[in-house]
Amino acid sequence: MPTSVDEEVAALSRGADRDSLFMQARVAVAGKGEPLSVRVRNLSAGGMLAESPVSVAQGTTVEVELRNIGPVPGRIVWTGERKFGIAFDRAINPQSVRRDVAPQKEDVPPTLAGLRLNKGRPPIRPR
């Protein structure tokens, strides 16, 4: 049985549906300068497992920058050798980080704008 709030959060996180993946994220650690670049090993609505050569202290407040989601506040709930667990302060949709962001028409480089990528439509001309 968990005996502290941190142990209870960690137990709940372990039991949650997790998405195994391999991606990069930035973690801003309270009291540190530059955000850490970490590897995300798994992600759930309530937290994530991060891997980094930099050690962090359990209980530290952090903010994780996740692709397609943005900054998510949380705290370190457990640490291990080159790995640590983060419990988010709010639930996220872990599938969002897997979605590709489609480029907008304005994002098409001028070198590609004249190509006929859509049959039957006139080519996009730069303004």
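The numbers here are math on the coordinates, done by the rules we state, and not lab data. Small disclaimer: the values here were computed from a predicted structure and weren't measured.
Annotation: extensible slack from K83 through S96 equals 2.4 nm (criterion: 0.36 nm per residue apart, minus Cα-Cα distance). Using C-alpha pairs below 8 Å separated by at least 6 residues, the relative contact order for segment 60-99 is 35 percent. For T60, the amide hydrogen comes within under 5 Å of the amide hydrogens of I76, counting only partners 5 or more places away or on other chains and with H modelled in the peptide plane.
Projecting the alpha carbon convex hull of segment 36-87 along each direction and taking the average yields 3.2 nm². Scanning residues 5 or more positions from S44 or on other chains, those with amide H under 5 Å from its amide H are D19, with H placed 1.01 Å from N in the peptide plane. Around the amide H of L36, modelled in the peptide plane, lie the amide H atoms of V27, A28, V29, all under 5 Å away and 5 or more residues distant in sequence or on another chain.
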